[in-house]
Amino acid sequence: MADLLITGGAGYIGSHACLVLLEAEHRLVVLDNFSNSSPESLQRVQELAGARAETRLRVIEGDIRSAADLERAFGAGPFEAVIHFAGLKSVADSVANPLRYWDGNVVGSQRLLAAMAAHGCKSGVFSSSAAIYGNSEAVPIGETAPVQPINPYGHTKAAVEQLLADVVASGPGWRVACLRYFNAVGAHPSGRIGEAPQQVPCNLFPLLVQVAAGMREQLTVYGADWPTADGTGVRDYIHVLDLAEAHRAALDLLLGEPPQELVLNLGSGVGHSVLEVIQAFEATTGMAVPYGLVDRRPGDSASSVADPSQASQRLGWRTQRDLPTICRDCWSWHQANPQGYGPPSAPKPAPPKRVP
Ligand code: NAD
Ligand code: WQD
C-alpha cells in the first residue's frame, strides 16, 4: 500500500488507473483542474471501488502549473510516488495552439518535478505517447526507434521525456517510468466510466460510437490507399484497463527495485485497420456503422504498432482485452452515457440502425 499523488486523475486514463490503484489498496490524492474532465468521474470511481476504498481517495481541484496548488497537494502527502497524467492531448489543437501545449505539458511537468524534488518525492510514472515516434519506418515500433515527433503535441511529450532523463541523471534516488501509450480506447465494462471528450471528438472510437448511435450520419474513413492490407490506416488499440494495469505494475517495479529510469511502450503488439475496427464493432454490437472513404488526413501515418516485449519482460504485463472487448465496452459506456458525464439534456439522436 503506497500514498500516491495522481495528477489528471479525473481524466479518461487517470480515472481508470485510479480505480485499479484503489483496488490494489493504494491511497490516492488526485490533483486535477477539470479542464478536460468532470469530478463526476471520480465519484463513480469511488462507487465502483466500494466501501473498502471510502477513505483512500481524496480530490484536490488545482493546476499543476500553480506552485500554490502544488503546495496544497503535497501538503496532503507525503507521497511515495506521483503518477502524472495531467496534460493536453489533442494533436490538431496543439498545431493551432503550440504555446498552450508547451505551457500545459512542459511547464506543468517542470513545476511538478520541482515540487517533487522540494518534497523529497523522487518516484514518478509519466504519460508519454507513441506520438513521439512520428512516422516511424520500423513497425512494430521498439523503444529504440528514433524519437522524431511531427507535431507540437509530440514535441512536448519528447521534451518532458528529455527533462525526466536529465533529472534522473542529475543525482541519485530518482525512479522514473516513461510509459509510451499507443491508441487508448475502451471503457470500464460497468459502463460507469469511460472517455468523455469535452470538445467535438476527432479520434476514431468516439466518432464511431456516435455514428452507431445515430448522432452522426456516417464515419469518414481517412484514406483507402495506405500501404496496408486493405488500404486503411493501421493502429495498435489498447484497452484503457490494460493501460491502467500497466501503471500498477510499473509502480510496483519502480518502488520495489533500485532507482532507475524505465522507458516502455504500452500497446498490444497487434495492429487493426480502420475497416477491421468497423467490422469488429458491427459484429460485436450488432449496430451498423455507415462510412465513406475520403482522402488521407494530413499528418496521419500508414501504420503504428507497438513492440511491447520490453513491457512484458520488465513488468510481467501484457494486454488482456481484444478488439471485440474494446468495441463492447465502448458501446456500453456510450449507450449509458451518450453525453459523457454531462447532463442528459441534449437533443435526442436519430434512431440507430442495426446491422441488416
Ligand atoms: P484527459 O484529457 O482525459 O485527462 C487529462 C486530465 O488532466 C484531465 O482530467 C484534465 O482536466 C487534467 N489536466 C489537464 N491539464 C491540467 C493541469 N494543468 N493541471 C491539472 N490538471 C490538468 O486525457 P487522457 O486521455 O486521460 O490522457 C492522459 C495522459 O495520457 C495525457 O498526458 C495524454 O497526453 C497521455 N496520452 C493519452 C493517449 C490517449 O490515447 N488518450 C495516448 C498517449 C498519451
Ligand atoms: C486512428 C485511425 C485515422 C478518425 C491520436 C494521436 C496520438 C494519440 C492517440 C495521444 C487513423 C483513422 C480517425 C476518423 C478515420 N494520442 N480515422 N476516421 O491519429 O492514430 O492517434 O490519438 O497521445 O498522439 O495522434 O488516432 O483515433 O485519430 O485515428 O479514418 O474519423 O483512424 O486516419 O488511421 P491517431 P485516431
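Table for the structure above
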| quantity | calculated |
| --- | --- |
| Residues satisfying the stated conditions in segment 288-311, i.e. among the polar types (S, T, N, Q) and crowded, with 16+ Cβ neighbours inside 10 Å | SER301, SER303, SER304, GLN310 |
| Qualifying residue in segment 195-203 (condition: more than 30 Å from ALA49 (Cβ to Cβ), within 14 Å of ligand 1 (Cβ to nearest atom) and part of a loop (DSSP other than H, G, I, E, B)) | yes |
| Count - residues of segment 18-77 that are crowded, with 18+ Cβ neighbours inside 10 Å, in contact with a Cys (Cβ under 8 Å, 6 or more places away or on another chain) and outside any helix (DSSP H, G or I) | 3 |
| Lone unmet requirement of (1) crowded, with 20+ Cβ neighbours inside 10 Å; (2) over 30 Å from GLY120 (Cβ atoms) for CYS178 | (2) |
| Pick from segment 202-215, criterion surrounded by fewer than 17 Cβ atoms within 10 Å (Cβ to Cβ) and within 13 Å of ligand 2 (Cβ to nearest atom), ranking: modelled with the highest pLDDT | ASN203 |
| Segment 116-135 residues that are more than 17 Å from THR156 (Cβ to Cβ), paired with ones that are away from ligand 2 (no atom under 16 Å from the Cβ) and acidic (Asp, Glu) (beta carbon under 7 Å, 6 or more apart) | SER123/GLU80 |
| Any chance GLY142 is more than 15 Å from ligand 2 (Cβ to nearest atom) and buried (at least 23 other Cβ atoms within 10 Å of the Cβ) | no |
| Pairs where the first residue, in segment 35-53, is touching a residue at least 40 places away in the same chain (Cβ under 8 Å) and the second is assigned to a helix (DSSP H, G or I) and among the hydroxyl-bearing types (Ser, Thr, Tyr), C-beta under 6 Å, 6+ apart | SER41/SER15; VAL45/SER15 |
| Top-ranked residue of segment 108-130 - restricted to ones that are within 25 Å of ASP3 (Cα to Cα) and within 10 Å of ligand 1 (Cβ to nearest atom), ranked as surrounded by the fewest Cβ atoms within 10 Å (Cβ to Cβ) | ARG111 |
| Strands (runs of 3 or more DSSP E) lying entirely in segment 100-189 (those with 1 or more residues that are within 26 Å of LEU241 (Cα to Cα) and charged (D, E, K, R)) | 175-181 |
| Search result, residues across segment 207-232 that are within 15 Å of ligand 1 (Cβ to nearest atom) and outside any helix (DSSP H, G or I) | none |
| Some residue of segment 88-96 being surrounded by 15 or more Cβ atoms within 10 Å (Cβ to Cβ), aliphatic (A, V, I, L, M) and within 17 Å of ASN33 (Cα to Cα) | yes |
| Some residue of segment 246-261 being within 21 Å of ASP322 (Cα to Cα) and in a strand (DSSP E or B) | no |
| Those residues of segment 270-287 which are surrounded by fewer than 20 Cβ atoms within 10 Å (Cβ to Cβ) and either within 16 Å of ligand 1 (Cβ to nearest atom) or part of a helix (DSSP H, G or I) (or both), in sequence order | LEU275, GLU276, GLN279, ALA280, GLU282, ALA283, THR284 |
| Test for GLU40: is it at negative phi, in contact with a Pro (Cβ under 9 Å, 6 or more places away or on another chain) and within 13 Å of ligand 1 (Cβ to nearest atom) | no |
| Set GLY292, GLY299, GLY286, GLY316: member being within 15 Å of ligand 2 (Cβ to nearest atom) and on the phi > 0 side of the Ramachandran plot | GLY299 |
| Any hit, segment 167-187, residues being at pLDDT below 95, within 13 Å of ligand 2 (Cβ to nearest atom) and more than 29 Å from GLU257 (Cβ to Cβ) | no |
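A quick yes/no check of all residues on (1) at pLDDT below 95; (2) closer than 24 Å to GLY14 by Cβ; (3) in contact with a strand residue (DSSP E or B) (Cβ under 8 Å, 6 or more places away or on another chain):
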position: VAL294; (1), (2), (3): no, no, yes
position: ASP307; (1), (2), (3): no, no, yes
position: ARG314; (1), (2), (3): no, yes, yes
position: CYS327; (1), (2), (3): no, yes, no
position: PRO347; (1), (2), (3): yes, no, no
position: PRO356; (1), (2), (3): yes, no, no
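The values are calculated or read from the model by the stated rules, or taken from the named source; none is laboratory data. The shown structure was predicted, so the numbers you read here are calculated from the model rather than taken from an experiment. As a convention, Cβ positions derive from the backbone with ideal geometry for all residues, glycine included, and neighbour counts pool all protein chains shown.
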